[in-house]
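Step one of this worksheet: look at the structure below.
The values are calculated or read from the model by the stated rules, or taken from the named source; none is laboratory data. Nothing here was measured: the structure is a model prediction, and the numbers come from that model. All Cβ positions, even for glycine, are placed from backbone atoms using ideal geometry, and neighbour counts span all protein chains on display. Areas reflect the complete protein model, heavy atoms only, side chains present, ligands, DNA and RNA absent. Shrake-Rupley method; radii C 1.70, N 1.55, O 1.52, S 1.80 Å.
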Amino acid sequence: MNNLPSSSYLNRPQGIKSWLLTLDHKRIGLLYLFSVMTAFALGGVFAMLILLELLSPGREIIDADTYHQFFTLHGAIMIFLFIIPSIPAILGNFVLPLMIGARDVAFPRLNLASWYVYILGSLFALYSIIAGAVDTGWTFYTPYSVETTTSVISMTLGAFILGFSSIFTGLNFIVTIHKLRAPGMSWFKMPLFVWGLYATAIIQVLATPVLGITLLLLIIERVAGIGIFDPAMGGDPVLYQHFFWFYSHPAVYIMILPGMGIISELISVFSHKKIFGYKAIAFSSLGIAFVSFLVWGHHMFVSGQSELAAMIFSFLTFFVGIPSGIKVFNWVTTMYKGSISLEAPMLYALSFLFLFTIGGLTGIFLGALSVDVHLHDTYFIVAHFHYVMMGGTVMAFLGGLHYWWPKIWGRMYSEKWARVAVALIFVGFNVTFFSQFILGSQGMPRRYYNYLDQYQPLHAFSTFGSWILGLGFIVMAIYLIHSLFKGRPGGANPWGALTFEWTTSSPPPHENFAEIPRVEHGPYDFDRVTAKSTLGETI
Amino acid sequence: MMDTTGSTFLPPGQSTIAGEVDALFNFILYASTVLFAVVIALTIYFVIRYRRRGAVAATSGKDHNIKLEIAWTVIPTILIIIVFIWGFKTYLKMSIVPRDAIEIKVTGQKWFWAFDYPEGVNTVNELVVPVDKPVKLLMSSKDVIHSFFVPNFRIKMDVLPNRYSVTWFEATATGEYNLFCTEFCGTGHSEMIGKVRVVSEREYADWLEAGAVSGEGLSLEEFGAGLYTSKACVTCHSVDGSPGTGPTFKNKYGIRQVMQGGSSVPVDENYLRESILNPNARVVAGYAPVMPTYQGVLKDREIDALIAFIKSLQDSTGNSGE
Ligand SMILES: [Cu+2]
Ligand SMILES: [Cu+2]
């Protein structure tokens, strides 16, 4: 039987002030955990309401304008408040220093500042709900966003501020990874999650300012009436689209790269096998980060851009897909001749493999110019990015959350209920979103409040799936919260993993390690080293 | 509107370009299904075959295999280059308008489509074209961005406020096809649905001759009833008393209408005319000022007909002037 350490970062020092002013990366990770999960719940509620409204044509529960506000809020909250900060700011903050054997990030004050900036940005974004919620879609396309009477300014200002939070985190991680690795940890001894965070941080720092500038120009246009994007004032709406996607395509990789990092950890640990193609995975992250800056035009194949531009963007888009494919093959091969255990984190990793592969393959349809013309702005797109963002990033995030949960709290959740939840989420997700591929290729446009009768069965099917999905998340919330109080202690290393965070107690002490660890083996050398699981048994 | 659902994934293709688009769609579908099946089958097999039972088993440290890695980089790259070239070729065809195409001007506007024919005919939300003839659409918007999408023809093109965009198609079968707006444009976005009616060349000529819906030979009231749908009033105004984006037309004539700001106005012919040509001059209380102006879209006789139609929508008990 394991015991919780009497002193850990959780109880030393005590008091609410010590939390709100903490410089400890682990506590900041937890501050993010609570705020980001609140945003996720809110975004989820909007999602459920949207799908309920779509149960049948015409009005179900809300009118058209409210519906448009709900899908905008769902999108903006999920992207800016949830998914971008989710893995880096919660799990990255918590485990990055632990994984590289450091006592904290390079700039602890900047780290705390990033959380306050996040809160400030969120307040602006949420204020827009009270002040006449935005109805432009999360993309804020001009000239609609210049004309609409809803509170576009507070929402875009919110996104602008949130961008700084993201930049702060990225900057901090880059310096931390360069400067604070434990003695002996060369670049190629770093865990792959660290590589994922590193590639992500580069995009965060380079791309986010462009979004900031774009949103600022939008605000200036609305407030001061200076024509930049609005043709009525002599601007160009398509210029806005270029600016917006110049950030927002790389942002897709801000969302997915850290998730891929987690998957590399999970598959190796739960297969008890050295990761296949370590360098290929690490370099493909950097490759993706680089090429991701050059493909934004694939969102604009029907916007009237030149055929030459379309051709180049289509070509590069396919190229950004190859490294992702290579990663998938590496993960599958890692399992070959492994010793595979199917605990909850691994079930999430397998769900990721299934869903992300569909997400990636359906991207090929959209990269192909002629086919994209038909599929653009239909439900096919909606389904595709949900398979990538939710089937990919969110599954990886949940896998990581379950994996590091015993490290964060020192306690285990109920494995049985965790399996129930993962099953509900997997099934619910596919019911909800697979139907949308068919809807889309059949021609159903996205962002439609009302629709033709012929699309009704699939819409209803999708709504039904959202209930299963919602149930899965409720089950998860219950057993996770329950585990905080009743969960049995898991010990320092419940999964028998080899990275540094598992060498210190769970929960870790204030400065992570009694003594800075030394690198004696690679992060995945399961062939040479066996760390005994502190849980005793495996399932 | 007609049900166009054909195969599981794609609606029936009824333009010259559709066959090529569908062939590529299907190629990607089959190739990616095979790839997906391989990935998932291997995953499932490994999970079952190498499932940990009891203690952790020793595993090997082999972490690369050059032949394998080259294979799984090169094969997808080849596949993807095929898809890229194929997609680009068809895309070029979609972009190059045949010289002999009929040119029709399309105007997108919140929330309907207007079509102007070179012969001077104009329609709303109904694009009538001859079968087996290329049709060029020269498009622009009067307000925000819209997007012109006909699923059966596999064409889509954004409609912009500050420049013309162009697309074209050649329909291969007569019938009626849905036309959607696919760029979010506000309250009535999902009502911005029109239809494309593909007719034989003969019928097309007759239709043009007749000046589209000239209403000749119809009473004003009947003509107005037709315009009510063809000019898109139906998307916002009901005739049965139910509220929509705009107020219902039922029992409208003769009442006093309350305006924003509290004043009230008798609903007579002049008020109706003003409401159609200059809808934002006075806005009905409780409604948003979203009705588009029909200035320049409707001819005098058409306005007369619409007014006559609205006047005809009284209950038999005739409770006008409540
Ligand atoms: Cu993109
Ligand atoms: Cu629209």
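So what are the three principal axis dimensions of the range A:127-239 from its Cα atoms, in whole Å, longest to shortest?
If we take the Cα atoms of the range A:127-239, the spans are 61, 31, 20 Å.
Which angle between 0 and 90 degrees, to the nearest 10, do you get for helix A:456-486 versus the longest principal axis of chain A when only C-alpha atoms count?
30 degrees
Need one number for the range B:102-212: average projected area of the convex hull over its C-alpha atoms, nm².
6.0 nm²
Per-residue mean of other chain beta-carbon atoms within 10 angstrom of the beta-carbon, peptide A:287-295?
On the way: counts 0, 0, 0, 0, 0, 0, 0, 0, 0.
Per residue, the number of nearby Cβ atoms from other chains is 0 on average.
Considering the range A:26-534, what Rg and Dmax in Å follow from its alpha-carbon atoms?
22.3, 69
Sequence neighbours fewer than 8 away in the same chain don't count; with that in mind, list the lysines whose C-alpha is under 18 Å from A:Lys179.
Filter leaves A:Lys189.
Which aspartates and glutamates have a Cα less than 19 Å from the Cα of A:Lys279, not counting those fewer than 8 places away in the same chain?
Once the sequence-local aspartates and glutamates are set aside, what remains near A:Lys279 is A:Glu265, A:Asp525, A:Asp527, B:Asp63, B:Glu69.
Positive end of the dipole of chain B, charges at C-beta (+1 Lys, Arg; -1 Asp, Glu), about the Cα centre: which of B:Leu313, B:Phe149, B:Thr248 has its Cα farthest in that direction?
Of the options given, the answer is B:Phe149.
Among the lysines, select those whose C-alpha is under 18 Å from the C-alpha of A:Lys416, and discard any that sit fewer than 8 residues away in the same chain.
List returned: A:Lys486.
Suppose every Lys and Arg Cβ carries +1 and every Asp and Glu Cβ carries -1, with no other charges. What dipole size does the range B:102-212 come out with about its Cα centre, to the nearest 20 debye? Don't jump to the answer; show the numbers that get you there.
Values: 11 positive and 15 negative charges, 75 e Å.
Magnitude of the dipole: close to 360 debye.
Per Stokes-Einstein, at 10 °C and 1.306 mPa s, what whole-number D in µm² s⁻¹ belongs to the protein assembly as shown, with the Kirkwood radius over Cα pairs as the hydrodynamic radius?
Result for D is 55 µm²/s.
Round to the nearest 10 and give me the degree value, 0 to 90, for the angle of helix B:66-95's Cα axis relative to the longest principal axis of chain B.
Its long axis makes an angle of about 20 degrees.
Percent relative contact order of chain A, based on C-alpha pairs within less than 8 angstrom and at least six residues apart? The partial results should precede the final answer.
Values: 917 pairs, mean separation 98.7, N = 539.
Reported relative contact order: 18 percent.
Which positions within the range B:30-57 get 50 Å² or more of their accessible surface covered by the other protein chains, compared to the chain by itself, with a 1.4 angstrom probe?
In the range B:30-57, residues shielded by partner chains: B:Phe36, B:Val39, B:Thr43, B:Phe46, B:Val47, B:Tyr50, B:Arg51, B:Arg52.
Before I look further, what does the range B:220-311 give for accessible area per residue, probe 1.4 Å, in whole square angstrom?
I get 47 Å² per residue for this part.
Please give the Cα centre distance for the range B:75-96 versus the range B:132-149, rounded to the nearest Å.
Taking the Cα centre of the range B:132-149 as reference, the centre of the range B:75-96 is 25 Å away.
Using only the alpha carbons of chain B, what is the convex hull's orientation-averaged projected area in square nanometres?
Mean projected area of the Cα convex hull: 26.8 nm².
Only bridges whose two residues both fall in the protein assembly as shown count here: according to DSSP, what percent of them are antiparallel, nearest 5?
Antiparallel bridges make up about 70 percent of those DSSP assigns within the protein assembly as shown.
Taking the Cα centre of chain A as the origin and placing charges on Cβ (Lys, Arg +1; Asp, Glu -1), which of A:Thr504, A:Gly29, A:Phe352 is farthest toward the positive end of the dipole?
Checking the options against the dipole of chain A, the answer is A:Thr504.
Quick one: which of A:27-38, B:87-98 comes out on top by average Cβ neighbours within 10 Å, and what's the full order, highest first? List each step's numbers first, then the result.
Details: A:27-38: 19.3, B:87-98: 17.8.
Ranked by mean Cβ neighbours within 10 Å, highest first: A:27-38, B:87-98.
Considering only protein heavy atoms and a probe of 1.4 Å, how much of the accessible area of the protein assembly as shown is carbon and sulfur, as a whole percent?
64 percent
For the protein assembly as shown, what is the calculated [θ] at 222 nm in deg cm²/dmol (nearest 500), taking -39500 (n - 2.57) for each run of four or more DSSP H residues and dividing by its residue count?
-17500 deg cm²/dmol
Relative to the longest principal Cα axis of chain B, at what angle does helix B:300-311 sit, 0 to 90 degrees, rounded to 10?
Tilt relative to chain B: about 90 degrees.
Rounded to the nearest whole Å², what accessible area per residue is found for the range B:102-212 with the 1.4 Å probe?
So the range B:102-212 comes to 29 Å² accessible per residue, rounded to a whole number.
Kirkwood hydrodynamic radius (Cα pairs, Å) of the range B:220-311?
After inverting the pairwise mean of 1/r, the radius is 13.2 Å.
Give me the accessible area per residue for the range A:26-534, probe 1.4 Å, as a whole number in Å².
Heavy-atom accessible area per residue stands at 29 Å².
A plus B alone minus the pair: what accessible area, both sides summed, probe 1.4 Å, in Å² to 100?
For chain A against chain B, roughly 7500 Å² becomes buried.
Number of Lys pairs in the range B:102-212 with C-alpha atoms less than 16 angstrom apart, excluding same-chain neighbours closer than eight positions?
Eligible lysine pairs with Cα atoms under 16 Å apart amount to 7.
Which FRET efficiency value, to the nearest 0.05, do you get for A:His521 and B:Phe27 by plugging their Cβ-Cβ distance into 1/(1 + (r/R0)^6) with R0 = 60 Å?
0.80
Would you work out which of A:Leu458, A:Ala477, A:Ile220 lies farthest towards the positive end of the dipole of the protein assembly as shown? Charges go on Cβ: Lys and Arg +1, Asp and Glu -1.
The Cα lying farthest towards the positive end belongs to A:Ala477.
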